[in-house]
1. Can you give me the % of accessible surface on region 297-404 that is carbon or sulfur? Probe 1.4 Å, all protein chains present, nothing else counted.
2. Please list, in order, the residues from region 35-51 whose amide nitrogen is less than 18 Å from a point placed 7 Å along the Cα→Cβ vector of D169.
3. For the cross-link pairs K300/K510; K317/K611; K317/K510; K563/K605; K560/K605, which exceed 30 Å when the distance is taken from alpha carbon to alpha carbon?
4. Let's test the formula: R0 of 30 Å, r as the Cβ-Cβ distance of S93 and N155. What FRET efficiency results, to the nearest 0.05?
5. I'd like the trypsin sites (Lys or Arg not before Pro) in region 241-285 restricted to DSSP loop residues with at most 16 other Cβ atoms within 10 Å, sorted by number.
6. Once ligands and nucleic acids are excluded and a 1.4 Å probe is used, how much of K439 is accessible, expressed in Å² to the nearest 10?
7. Taking the Cα centre of region 265-329 as origin and charging only Cβ (+1 Lys, Arg; -1 Asp, Glu), how large is the dipole, in debye to the nearest 20?
8. How many angstrom separate the Cα center of region 516-535 from the Cα center of region 542-616?
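The values are calculated or read from the model by the stated rules, or taken from the named source; none is laboratory data. All figures in this text were calculated on a predicted structure; none of them were measured in a lab. With ideal geometry, Cβ positions are generated from the backbone for all residues, glycine too; neighbour counts draw on all protein chains shown. The protein model used for the area step is the full one, side chains on, heavy atoms only, and it has no ligands, DNA or RNA in it. Shrake-Rupley method; radii C 1.70, N 1.55, O 1.52, S 1.80 Å.
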Amino acid sequence: MCGVVGYTGINQASPWLLDGLQTLEYRGYDSAGIQVVSPSGNLHGVKCAGRVAALRERAAAANPTGTCGIGHTRWATHGAPIDRNAHPHLDGSGRIAVVHNGIIENFQELRRELIANGHELVSDTDTEVIPHLIQEAWEGPAKGDLAAAVRHAANRLEGSWAIAVICADCPGTMVVTRNGSPLVVASTDDGAYAASDVMPLASVASRVYQLQDYDIATLTPDGQIKIVDREGRAVENPVALDIDWDASAAKLGGYSDFMAKEIAEQPEAIERLLKDRLGEHGIELDELSLSNEELAAIDKIVIIACGTSYHVGLIAKAAIERWARIPVSVEFASEFNYNEEYLVTDHTMCVVITQSGETADTLSAARRMRGMGCNVFAITNVLGSTAARESDGTLYIQAGPEVAVASTKAYTAQIVASYLLALRLGLANGSMTRAEAEKHFHDLEEIPTQMREILSRRWQDKQAARLFRDKHSSLFLGRNVNATTAYEGALKLKEISYLHAEAYPAGEMKHGPIALIEGGFPVVAVVPADHVHDKTVSNIQECLARGAAMIGVATDGDEKVAKLCSEVLWVPPVADELIFPVVAILHLQLLSRYVARDRGFDVDKPRNLAKSVTVE
Ligand code: M6R
């Protein structure tokens, strides 16, 4: 979704602003812009619909000069993605510039009020009311104090925001504030920086500070950052985050795209996650804020998530119910938020699964669960994210920055993280013995090797991708936990190749989707050597009888599947049925990437999508 960057210091601002915006491209956006102010008070901006590359070209031609500036990538919510709606937006005097992430829910009323007061608004955005409100405060009660003017304006807003503001009348000063949308700042020898996430700052700082809701920070060219809370009291010890990954982790490093890189990084991610987790007392999960007795008392688990993380939740449910014998319900956060009748017990635990830790629906649902008295445990990738800050305990999956919009390494790492939770719960409540937990843990330790084997077989995915040429639709089937492998495989294909993919539990197919099948129609069947293997093979036969082009995802040596399918994506044998989905999904990630590339699409930045969906 939208991204914010800001810099004030001793260097020209535009180069870093443009680089920073490029780093934020992964969030998904459709227009971009920057505005800088020169030490003599000249505001100069460029903005345009399209990519940061197009903005760079415009900036090269216009050469905006100034050592203080703000930048933005916009993901359209209010108003089409056209130049006029791109940020930064200016006030009526053309001297105050603002970039904004989030949604101003009361913008219609504010807009009417501003127009009645004589303001002229020129865009269709909710954001544009902000510079005009700041202008009113600047000329009125704030009396030329930018931070005070921003505070006055913010007090009028409803909704969510991360805002960065510069003003021609105080060149060199940048004011930032937030409510509900993340914002971090960093102080360096070259000046002070702000951004909506740590990614752009990793190249300039190793420590960043998180603003809390309604904090207002004033950044100056000497690198000073003064933070005050909503009452105007100085914030002496802001929450610091040390960036524990190298800036190169967010670079391509020889890969053609981030999706390829992130698919390839999965074995190492799982190794990192499992390191030191088997200890003297069984599974080490100190991140849980509950005692052994409290864990043993848990009688219901509610998993909240969206998208790919929701699919993780479905597999986590299977593991928790099998290993810890605790009933689990998995809820789409967006649906859960409007289900007024939701029932919890006195010992219900809420598990929030979110790669970014910033998904608005997931955060609202987690807050609601907390309000209902549940202990909230987050599984997330992003250090210091809102989900982590607002939860009682957080397990970081340590997958490293995931830049491609389509989630890959976070998916598998989140599944393995949920398996650790299941084992820990099973040990706490006596559903499994220490020896059993150790056996399962050792099975998990095999995953990186099995993943590497799949990566070495990527030619199979490339070959299978040909069956999708010139096709408009496809079907993904699987049973049991691998119905979820089918859902996730279909989601990946839809996201990046824009090819319709229906995913169904294999046995349900005959109740409707079978009608889709005609000659050459691609069907992917996930059919491991498990207890439902023969049932799924029967479903493959049903598809073949109607002319489907069959692609099997099967265990090495499965001759039945080899005979029936045009292509087989082979998976090495696994010791436990719960391991197969973690390993087999690599084939479907690779397959969807090959299909998308065959079609000529940008696999990292699919249309209409955002990396973290920070609006409800
Ligand atoms: O950051 P989160 O895990 O909360 O994100 C949830 C979904 O928006 C996300 O998984 C989305 O479905 C991905 N683009 C899938 O590849």
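1. Whole-percent figure for carbon plus sulfur exposure: 50.
2. Answer for this model: 37-44.
3. Values: K300/K510 33 Å; K317/K611 25 Å; K317/K510 26 Å; K563/K605 38 Å; K560/K605 39 Å.
Beyond 30 Å between Cα atoms: K300/K510; K563/K605; K560/K605.
4. E(calc), rounded to 0.05, equals 0.90.
5. Passing sites in region 241-285 are K251, K275.
6. 90 Å²
7. Result for region 265-329 is approximately 400 debye, rounded to the nearest 20.
8. About 11 Å separates the Cα centre of region 516-535 from the one of region 542-616.
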